[in-house]
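Heads up: the structure comes next, in structure tokens.
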Amino acid sequence: MSIREISESVGEGGANAPDDVFTVQMLLNHVGPSAGGPNPPLQVDGLVGAKTTGAIRLFQETQLHFQDGLVEPGKVTFKALKGFFTSPDAFPDEAVAGSGAFRAHRLVYRDVRLLGNRPAGDTVIEVNFDTPLQWFLDSSADTVAHTAEPVRLKLMAHGAPAFVQFCRENLSLANLPVLAVLRDKFAMGVDLYSCSAAFIAPGNGDGNVFCSRMAQTLNTYVRASTATQVYTLGSAGSGLDFGRWEGTVLTYGPRGDVVNVENSPIF
């Protein structure tokens, strides 16, 4: 996984664009306390406050022997932070190169309200507005049980911050606990291809909280974007064409923390 570059400054007096703040907070949490990292880790919420600026200053003082509380694109503090980043091994790219390489079994669920042709995948299942969410829970668990390879779940559906238009009941903060029966099923993680699913908003529409809780509930890595997604309908032969994700894509670890921030990676 690659690290998203920041476009503007973050910290005291910085531009503090939320997507850039996500990246800096995530990188600071990769620094151990003995090396000048925050203890406890920062909440990765895209917002700059006293804890974030204090963490920047502590890192600068420990590693660079100065402190101005500001992280700037291409400058020494950001370069030093990137040196501490380690990509999560448990959520690799689609193909793992080298000796003994393996590939995840791609289990794709598409809600047909997301118009287009049937997408590609190793197992592709389509649901609609009348499909009970329980049927998804049962069918996905059965697929995992009868698949030799580790499974990567890809959910394709319309959405909004903290909301996925999926099956009859949809997915929201209110009903995420029902996913607990799928805990430890998706060893290769979950791709949540839905518009703005990780976007921060007040109250029950907070996509950051939604994705964090989903990762904790499933005990795996969940990847989602803060932006509206664009795709082409495809053909009967090729299926939906998603190309690259749009916007900033966050990966949430099993503990619910943001472990990676990417810009427009391949879906």
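The values are calculated or read from the model by the stated rules, or taken from the named source; none is laboratory data. Only a predicted model underlies this, so the values are computations on that prediction, with no experimental measurement involved. Cβ coordinates were reconstructed from backbone atoms using ideal geometry, including for glycine residues, and neighbour counts include every protein chain displayed. Quick note on the areas: whole protein, heavy atoms, side chains included, nothing else; ligands and nucleic acids left out. Shrake-Rupley method; radii C 1.70, N 1.55, O 1.52, S 1.80 Å.
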Inset, instruction - Return the only residue of Val48, Val44 being open to solvent by 30 Å² or more (accessible area, probe 1.4 Å), among the β-branched types (Val, Ile, Thr), under 20 Å from Leu250 (Cα atoms) and part of a loop (DSSP other than H, G, I, E, B). - result: Val48
Legend entry - Candidates Thr131, Thr226, filtered to the one that is polar (S, T, N, Q), touching a residue at least 12 places away in the same chain (Cβ under 8 Å) and in contact with a helix residue (DSSP H, G or I) (Cβ under 9 Å, 6 or more places away or on another chain): Thr226
Inset, instruction - Search region 178-205 for residues being open to solvent by 10 Å² or more (accessible area, probe 1.4 Å) and modelled with pLDDT of 95 or more, and hand back the single one that is farthest from Arg152 (Cα to Cα). - result: Val178
Legend entry - Test for Thr147: is it open to solvent by less than 60 Å² (accessible area, probe 1.4 Å), at pLDDT below 95 and within 26 Å of Leu240 (Cβ to Cβ): yes
Inset, instruction - From (1) open to solvent by 50 Å² or more (accessible area, probe 1.4 Å); (2) assigned to a loop (DSSP other than H, G, I, E, B); (3) modelled with pLDDT of 85 or more, pick out the condition that doesn't hold for Thr62. - result: (2)
Inset, instruction - Go through region 65-79 and count every residue that is in a loop (DSSP other than H, G, I, E, B) and open to solvent by less than 60 Å² (accessible area, probe 1.4 Å). - result: 3
Inset, instruction - Might you check whether a residue that is within 22 Å of Cys195 (Cα to Cα), touching a Leu at 6+ places or on another chain (Cβ under 8 Å) and hydroxyl-bearing (Ser, Thr, Tyr) occurs anywhere in region 103-118? - result: yes
Legend entry - Selected residue [more than 19 Å from Leu182 (Cα to Cα), open to solvent by 50 Å² or more (accessible area, probe 1.4 Å), at pLDDT 95 or above and of a type in the set (Phe, Trp, Tyr)] from Phe84, Phe102, Phe129: Phe129
Legend entry - Members of region 207-225 found to be outside any helix (DSSP H, G or I) and open to solvent by less than 30 Å² (accessible area, probe 1.4 Å), listed by number: Thr220, Val222, Arg223, Ala224, Ser225
Legend entry - Residues within region 24-41 that are open to solvent by 80 Å² or more (accessible area, probe 1.4 Å), part of a loop (DSSP other than H, G, I, E, B) and either more than 21 Å from Leu250 (Cα to Cα) or touching a strand residue (DSSP E or B) at 6+ places or on another chain (Cβ under 6 Å) (or both), tallied: 1
Inset, instruction - Kindly provide the set of residues from region 105-126 that are modelled with pLDDT of 90 or more and open to solvent by 50 Å² or more (accessible area, probe 1.4 Å), ordered by number. - result: Arg106, Val112, Arg113, Asp122, Glu126
Inset, instruction - Just give me the residues in region 158-174 being open to solvent by less than 30 Å² (accessible area, probe 1.4 Å), modelled with pLDDT of 95 or more and not aromatic (Phe, Trp, Tyr), in sequence order. - result: Val164, Cys167, Leu171
